[in-house]
Amino acid sequence: MFKIKNLRNYLRILFVYAAVFIFVPMLVYAKTIKDKTKSFDSLEKRLVDDGFDKKNIAGIYNNKSVRFDLKSVSLFFMHNEANLNYNAFSAKKYMKRAEKYKQQHLNALNGAEKEFGVDKNIITSIILVETKFGTNTGKSSVINTLSTMASLSDREARDLLWMSIPAERRLTREKFKKKSIKKSGWAYGELKAFIKYTSRENIRPDKIFGSYAGAVGIAQFMPSNIISLAVDGNNDGKVDLFNHADAIFSIANYLKHHGWYPDINEKNAFKVIYRYNHSNYYVNTILKIANSLKEEK
């Protein structure tokens, strides 16, 4: 009995030492990384070196609400398309809402169909699946998400993100590093487009919220697509993807740009919609909903 008690005490002492020598340094390390990355100093310099106005960039990143966003970016690295239940969108309740949406925005849908040749049922289906008709456009700060992801080219930022992802949801360390560096370059391009867009439209970057990948508005456009393909659908002189007419016309313009034409066959329609979201599951769902809406005419 004496030996067992001594063994227990020994194990308790060993655990305490492990906490002191292993876990405490990890917490200190994490805080050090966070302190270094939260200011986005190196990212600011990179943007200015790429031609952005120094005063404008400083104004964006001196805002206290602009900060390193581990929560949103970690979701991006844990996303699994296979876990999404797209079939739910073809349920009766959503089909009723789709018909109601078509009636509410019929002028915009007809206008987009006439100008771009894109079936209004396809547009309606995309808006349903992307944001449930604009009711779920995302709660992540786009400037924070894209800035954080763009910073993953730095090892310290990657280490901080790595530690924030539950162990059971992580990629291997090597795959994580490879994906982080690749996505960092992509996010930096999207960040530049986002800053250009908000500057052009005179919008405060910290006031726009979207998906954890940085997609914006009812149409869930990435900033690079906003710059090149989003259009003013209600003729108010602004491009605002939180406005239904702008979102409707922008989706139509996007699809036409990628090859849509009137009376397109299903095979080619599949290829065009795939450009909107690189998922066979997604495309099949859009086509299924659109065909159902046609049948209910």
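The values are calculated or read from the model by the stated rules, or taken from the named source; none is laboratory data. Being a predicted model, the structure only gives us computed values, none of them experimental. So basically every Cβ, Gly included, is an ideal-geometry build from the backbone, and we count neighbours across all protein chains shown. Keep in mind that these areas ignore ligands, DNA and RNA; they rest on the heavy atoms of the full protein, side chains included. Shrake-Rupley method; radii C 1.70, N 1.55, O 1.52, S 1.80 Å.
At-a-glance table
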quantity	calculated
Long pairs among 64/132; 182/267; 102/288; 55/192, criterion Cα-Cα beyond 20 Å	64/132; 182/267
Candidate aspartates and glutamates - alpha carbon under 16 Å from residue 238, same-chain residues fewer than 8 apart omitted	201, 246
Modelled FRET efficiency - R0 51 Å, residue 294 with residue 200, Cβ distances, 0.05 increments	0.85
Efficiency of FRET between residue 56 and residue 232 - r from beta-carbon atoms, R0 41 angstrom, step 0.05	0.95
Additional length obtainable on full extension of the chain from residue 163 to residue 179, 0.36 nm per residue less Cα span	4.2 nm
For residue 170, net neighbour charge (Lys/Arg +1, Asp/Glu -1) across residues whose Cβ lies under 14 Å away	+4
Per residue accessible area in Å² of region 71-221, where ligands, DNA and RNA are left out and the probe is 1.4 Å	47
Stretch gain in nm, segment residue 132-residue 106, where the contour uses 0.36 nm per residue and the Cα spacing is subtracted	7.7 nm
Listed pairs 139/178; 54/183; 92/294; 54/139; 45/71 exceeding 19 Å between Cα atoms	139/178; 54/183; 54/139; 45/71
Where 186, 260 fall by accessible area, highest first, once all protein chains stay in place (1.4 Å)	186, 260
Inter-label distance, nm, simple model (7 Å from Cα along the C-beta direction), residue 71/residue 278	2.9
³J(HN,Hα), Karplus 6.51/-1.76/1.60, whole Hz, each residue of region 212-219, x for Gly, Pro	6, 9, x, 6, 10, x, 4, 8
Extended-chain gain in nm, criterion 0.36 nm per residue less alpha-carbon gap, residue 207 and residue 155	15.8 nm
Relative contact order of region 155-297, defined on C-alpha pairs under 8 angstrom at six or more residues apart (%)	12
Residues residue 45 and residue 139, FRET efficiency given R0 of 30 Å [Cβ-Cβ distance, rounded to 0.05]	0.50
Rough spin-label spacing in nm, given labels placed 7 Å along Cα→Cβ, for residue 186 and residue 85	2.7
Karplus-derived 3J(HN,Hα), 6.51/-1.76/1.60, for each residue of region 221-236, Hz, glycine and proline x	7, 6, x, 4, 6, 4, 4, 9, 10, 6, 10, 7, x, 10, 6, 9
Charge sum, other residues only, whose C-beta stays under 10 Å from residue 198's C-beta, Lys/Arg counted +1 and Asp/Glu -1	+2
Burial order of peptide ranges 224-232, 144-152, 240-248 (average beta-carbon count within 10 Å, highest first)	144-152, 240-248, 224-232
Sulfur and carbon atoms: percent of accessible area, region 123-245 [1.4 Å]	48
